[in-house]
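Below is one structure, written out as structure tokens, with a few remarks after it.
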């Protein structure tokens with residue numbers, strides 16, 4: 001497998017391949033335009049693309065001014081992803097944008113993906129999801145009924161917090177197969193059990209260092225010691241709700257403690273930080289945080305807690321660069 005630090009290492013962005021070394025600080029799990037499936041047809045919502053563009057451009061320029069270089073739109077397919085707009089936003093803002101393919105959780109899938117024509121209804125098999133996601137990397141992401149654009153830079157999927165369904169297991173297995181076939185990383189937002197959900201992707205022989213498990217600043221995950229255990233298994237761990245404190249997620253003060261403990265345990269090389277901010281939302285509440293929150297608010301807290309610049313650079317720049325770098329894929333004889 002080609003290492004991510006080679007001179008030719010590249011990342012898929014909406015404007016084409018970019019040298020991994022040029023990404024700068026990466027916001028690894030954000031949403032530019034997030035539209036609840038079906039909301040685009042609602043009579044009481046006005047999705048003015050010019051207004052949306054202006055809003056997002058201002059937020060991306062603020063992110064760049066704060067020191068950001070690359071933003072990952074981790075919404076996947078059919079949740080508002082607007083590739084022509086993202087291309088123009090990247091050009092106008094100077095921020096690299098990595099868009100993603102993928103679906104999930106099940107309650108946000110359209111009926112087509114649940115194959116209701118079968119009796120009883122059965123989920124799509126993993127190989128169909130794998131083919132769908134793989135083509136968005138190898139042939140370009142779909143602009144519905146129009147064309148394909150740039151290659152997806154990430155495969156993302158999610159499970160129900162109440163527990164993974166049969167359809168979501170197919171999604172996880174399909175995402176893992178697509179990552180293995182294409183060399184792009186896979187982002188898993190776990191359901192009820194982060195370790196068990198990671199094991200599903202590992203069961204598909206996807207290398208652990210091509211996986212990031214998100215949502216690990218949830219209280220249940222932290223209480224179970226899941227962030228450290230997943231990092232020890234070789235996967236990346238994402239604390240990606242920075243700026244939020246609620247019944248589900250720990251506070252930023254607790255996150256600072258968790259980060260410093262992980263670094264002290266020698267696991268900083270597997271740590272990613274983001275805030276899951278929403279640039280523009282339709283059909284659901286937006287997470288109103290600036291894309292640069294990690295840089296302007298959280299990083300100073302980490303410095304005050306004793307983390308040095310080298311450690312911060314590893315977490316904010318080197319780790320996401322290594323995750324997003326497209327690796328060479330293994331031949332069938334290696335599988």
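The values are calculated or read from the model by the stated rules, or taken from the named source; none is laboratory data. Because the structure is predicted, anything quoted here is derived from the model rather than measured. Quick reminder, even Gly has a Cβ in these numbers, built from the backbone with ideal geometry, and neighbours come from all protein chains shown.
Consider region 218-258. How many of its residues are within 19 Å of residue 297 (Cα to Cα) and in contact with a helix residue (DSSP H, G or I) (Cβ under 6 Å, 6 or more places away or on another chain)? Residues in region 218-258 being within 19 Å of residue 297 (Cα to Cα) and in contact with a helix residue (DSSP H, G or I) (Cβ under 6 Å, 6 or more places away or on another chain): 5 in total. The residues on offer are 72, 28, and the sole one that is touching a helix residue (DSSP H, G or I) at 6+ places or on another chain (Cβ under 6 Å), in a strand (DSSP E or B) and under 25 Å from residue 135 (Cα atoms) is 28. Scanning region 278-306 for residues that are in contact with a helix residue (DSSP H, G or I) (Cβ under 8 Å, 6 or more places away or on another chain), assigned to a loop (DSSP other than H, G, I, E, B) and either closer than 28 Å to residue 9 by Cα or without any contact (Cβ under 8 Å) to a residue 24 or more places away in the chain (or both) gives 291, 292.
Given the condition surrounded by fewer than 17 Cβ atoms within 10 Å (Cβ to Cβ) and closer than 30 Å to residue 35 by Cβ, answer yes or no: does some residue in region 289-297 qualify? So far as region 289-297 goes, yes, one or more of its residues are surrounded by fewer than 17 Cβ atoms within 10 Å (Cβ to Cβ) and closer than 30 Å to residue 35 by Cβ. When we screen 262, 206, 272, 258 for residues that are modelled with pLDDT of 95 or more and either in a loop (DSSP other than H, G, I, E, B) or on the phi > 0 side of the Ramachandran plot (or both), the only hit is 206. Within region 218-248, being under 16 Å from residue 198 (Cβ atoms) and part of a loop (DSSP other than H, G, I, E, B) holds for 224, 225, 233, 234, 235, 240. Among the residues of region 118-147, the ones that are in a loop (DSSP other than H, G, I, E, B) and either surrounded by fewer than 20 Cβ atoms within 10 Å (Cβ to Cβ) or at pLDDT 85 or above (or both) come to 13 in all.
Residues that are in a strand (DSSP E or B), crowded, with 24+ Cβ neighbours inside 10 Å and in contact (Cβ under 8 Å) with a residue 40 or more places away in the chain are absent from region 162-183.
If the condition is being free of Cβ contacts under 8 Å to residues at least 12 places away in the same chain and under 14 Å from residue 209 (Cα atoms), then region 227-254 contributes no residue at all. Only a single item in (1) more than 30 Å from residue 298 (Cβ to Cβ); (2) out of contact with any strand residue (DSSP E or B) (no Cβ under 6 Å at 6 or more places or on another chain) is not met by residue 148, and it is number (2).
Is it the case that region 230-238 has a residue that's at pLDDT 95 or above, surrounded by 16 or more Cβ atoms within 10 Å (Cβ to Cβ), in contact with a strand residue (DSSP E or B) (Cβ under 6 Å, 6 or more places away or on another chain) and under 28 Å from residue 89 (Cβ atoms)? So far as region 230-238 goes, yes, one or more of its residues are at pLDDT 95 or above, surrounded by 16 or more Cβ atoms within 10 Å (Cβ to Cβ), in contact with a strand residue (DSSP E or B) (Cβ under 6 Å, 6 or more places away or on another chain) and under 28 Å from residue 89 (Cβ atoms). The set of residues in region 100-117 that are in contact (Cβ under 8 Å) with a residue 24 or more places away in the chain and part of a loop (DSSP other than H, G, I, E, B) comprises 102, 103, 104, 105, 109, 110.
Is it the case that region 74-89 has a residue that's farther than 19 Å from residue 148 by Cα, over 15 Å from the mean Cα position of the chain (by Cα), surrounded by 13 or more Cβ atoms within 10 Å (Cβ to Cβ) and at pLDDT 95 or above?
Within region 74-89, the first condition is being farther than 19 Å from residue 148 by Cα, and the residues that meet it are none.
Within region 74-89 (the criterion being farther than 19 Å from residue 148 by Cα, over 15 Å from the mean Cα position of the chain (by Cα), surrounded by 13 or more Cβ atoms within 10 Å (Cβ to Cβ) and at pLDDT 95 or above), the answer is no, since none of the residues qualifies.
Could you tell me whether residue 284 is surrounded by fewer than 22 Cβ atoms within 10 Å (Cβ to Cβ) and closer than 23 Å to residue 322 by Cβ? No.
Of all residues in region 46-58, none satisfies being closer than 27 Å to residue 172 by Cβ and either in contact with a helix residue (DSSP H, G or I) (Cβ under 7 Å, 6 or more places away or on another chain) or not in a loop (DSSP other than H, G, I, E, B) (or both).
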